[in-house]
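What follows draws every value from the coordinates through simple rules; no lab data is involved. Worth saying up front: this structure is predicted, and the values here are computed from it rather than measured. Cβ coordinates were reconstructed from backbone atoms using ideal geometry, including for glycine residues, and neighbour counts include every protein chain displayed.
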Amino acid sequence: MTTRNTAIDPVTLAVLKGRLEQIADEMDATLYRSAFNPIIAEARDACHGLYHAETGATLVQGTNGLPIFVGAMAFAVKAVIDKVAREGDLHPDDIFLFNDPYDGGTHLNDFRLVRPIFRNGRLFCWMASVGHWLDIGGNVPGNFNARATDSFQEGVRIPPVKLVKAGVMNHDLLAILAANSRVPVSNYGDLNGQLNALDLGVRRLTELLDEHGEETVAAAFDAFTARADALMRSAIGKLPDGVYSFEDYLDNDGITADRLLIALDLTIAGDRMTLDFSRSSAPCAGPLNIAYSTAVACCYVALKHVFTDVPANAGCLNPITFVIPESTLLAVKPPKPVGGYTETILRVIGVVFGALALADPARATAAPFGTINALSLAGYRKDGSRWVMFSFFGGGLGGNPETDGLNHANNPISTATIPPVEILEAAYPVMFTQWALRPDSAGAGLHRGGLGAVYEIEALTDADVFLLGERGVFAPFGVAGGTPAALNRFTWQSDEGEKSPPLASKVTDVKIRDGQRVRLETPGGGGWGDPKRRDAEAVARDVRLGYLGREAARTAYGVALTDDGALDIAATASLREFPAA
């Protein structure tokens, strides 16, 4: 696909934008409905899009796909483009498959399918699908190995290879993939869901091209890119020039207790922005590293959260310069482990939020809970069949200038949803004995953070347990006078009593017996603004709802209650040091 000079009117452009987004949305829905794995089918840990023929740049994404994948997939498609440039041999109906996290990927569970779209014998664009497969080998079922020190301990790594050549499936590759998974049937079902989504996408795009023509659609792609570029430059230009620095920490790398620094120096100069992460920690021994493509992708997600009017298109990154040296844990090469990438990108997104808040306090948002708490339980059913349950869990979002943070929400990396308890209990031999909001977990503020949650899970067979989480040492921060939220907490039952991880948020090789439980208490979000300025009746209501204890209401907010739970106006006035009137 080459740049066209075809003029396109605004109405046609709007129609094409909607039609193209609908194609990606339909592809997403097709995979969600057909996937075997609840992480795709229910949590929607997947994405589809259209990409530029020569550069791989994102042209169109759906409204439901995982945003972090959209940012990374441009690098993934470019990896296929580079392979074709080296080797040639590209045919219509080829489909490339890979999960290489260092070459446009994220971590090994995320399998990408990339397919060329030809028109009249010429490459027009690329179409791609990515989804999180449940298990792909490695030392730990589910692959979130908190003690991995290289990628070989995390699973099987597949470079870009042809799964389908000119319409013919490579069954030898399928056999290799099946032999390297504890749950090959689940992976096979997810793969077929992705293939079907691509087939549908090709049909829908062909219909659109037949109706409007290649030149018109190509001109629309160019217009989308230019529009995103212009709007991002306009948004940046409204911020005051300067350098804004922000830092946060990861608890540890799963190997030692040493904290890991994520540091950003953000420079605004006219209509351009530079994100410099040079001061961040060096590559670590454990799996909290990420590749350069992943770091850029999560910055894309952060910027899209802040500048919501800018279209989701590669053009929005044109005014951005990234400085992410290989001397940091944010741009590692193989075989450094990257399985815990979700925790690191959450911290990167947080520091982007923090730095932009310094540039524009009106955009200041307190930290969200900041961990997916990747929890895996695995074992054998009573009939001898293998089971692997992986899930991620919710927590509180940060308070902001307008509202309290959301209770029990998902992280800002995605539009994914927390898998429902009914689905997890139906799919695996587990029983949730508690799924509830966590009292006193939110950071206090004029606008408090959202509440975290409590999940207690009973194993119905003997099980191995693995957790890769964060925020067990460094709490989600508050801003503008708000306080931090509660720390993450994980415990499990054993024959010797309750136990917890030595490294707070990460543990491997825990064994529990049939009937024993694990308990995860997730953080809330940080608070925004001075807690003593929060409406006292709102504090009393939070106490009545069980969100907040009486003592916390008194100490954090300066609010006193009567024995029956009503607001004690005189005592509150005394605590807050202003007249009762």
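Taking only C-alpha pairs under 8 Å that are 6+ residues apart, what is the relative contact order of the chain in percent? Each step should come with its number before you reach the end.
Details: 1568 pairs, mean separation 73.1, N = 581.
13 percent.
Report the charge-dipole magnitude of the range 10-229 in Debye, nearest 20, computed about the Cα centre from +1 at each Lys and Arg Cβ and -1 at each Asp and Glu Cβ.
180 debye
Can you put Ile290, Ile423, Ile418 in order of Cβ neighbours within 10 angstrom, beginning with the fewest?
Details: Ile290 31, Ile423 14, Ile418 20.
Ranked by crowding around the Cβ, least crowded first: Ile423, Ile418, Ile290.
What's the long-distance tail for the range 126-266, i.e. % of Cα pairs beyond 20 Å?
When every Cα pair of the range 126-266 is considered, 70 percent fall beyond 20 Å.
Provide the convex hull volume over Cα atoms per residue for the range 260-411, in Å³.
Given the Cα convex hull of the range 260-411, per-residue volume reads 147 Å³.
What whole-number distance in Å separates the alpha-carbon centres of the range 382-424 and the range 37-56?
Comparing the Cα centres of the range 382-424 and the range 37-56, I get a distance of 19 Å.
Quick check: Cα centre of the range 249-284 to Cα centre of the range 179-237, how many Å?
31 Å
So what's the gap between the Cα centers of the range 287-334 and the range 450-486, to the nearest angstrom?
26 Å
Order the peptides 111-123, 487-499, 246-258 from the highest to the lowest mean number of other Cβ atoms within 10 Å of their residues.
Descending packing order for the listed peptides: 246-258, 111-123, 487-499.
Counting only other residues whose beta carbon sits under 14 Å from that of Val11, what net charge do I get with K and R as +1, D and E as -1?
Taking every Cβ under 14 Å from that of Val11, the sum is +1.
Under a Cβ-only charge scheme (Lys and Arg +1, Asp and Glu -1), can you give me the dipole magnitude of the range 132-183 about the Cα centre, in debye to the nearest 20? Write out the running numbers ahead of the final one.
On the way: 5 positive and 4 negative charges, 22 e Å.
Here the size comes out at about 100 debye.
Quick check on packing: order 539-550, 452-463 by the mean number of other C-beta atoms within 10 Å, highest mean leading.
Highest to lowest by the protection proxy: 452-463, 539-550.
Select from the chain the helices, each a whole stretch of DSSP H, whose alpha-carbon atoms run 30 Å or more along the helix axis and whose Kyte-Doolittle mean is at least 0.5; answer none if there are none.
67-87
Rounded to the nearest 500, what is the 222 nm mean residue ellipticity of the chain from helices alone, with -39500 (n - 2.57) per DSSP H run of 4+ residues and division by all residues?
-10000 deg cm²/dmol
Within the set Lys17/Lys78; Lys336/Lys511; Lys78/Lys506; Lys304/Lys333, which residue pairs have Cα atoms separated by over 29 Å?
Lys78/Lys506
Work out the length of the dipole vector of the chain about its Cα centre, built from +1 on the beta-carbon of each Lys and Arg and -1 on the beta-carbon of each Asp and Glu, and round it to the nearest 20 debye.
For the chain, the charge dipole is close to 300 debye.
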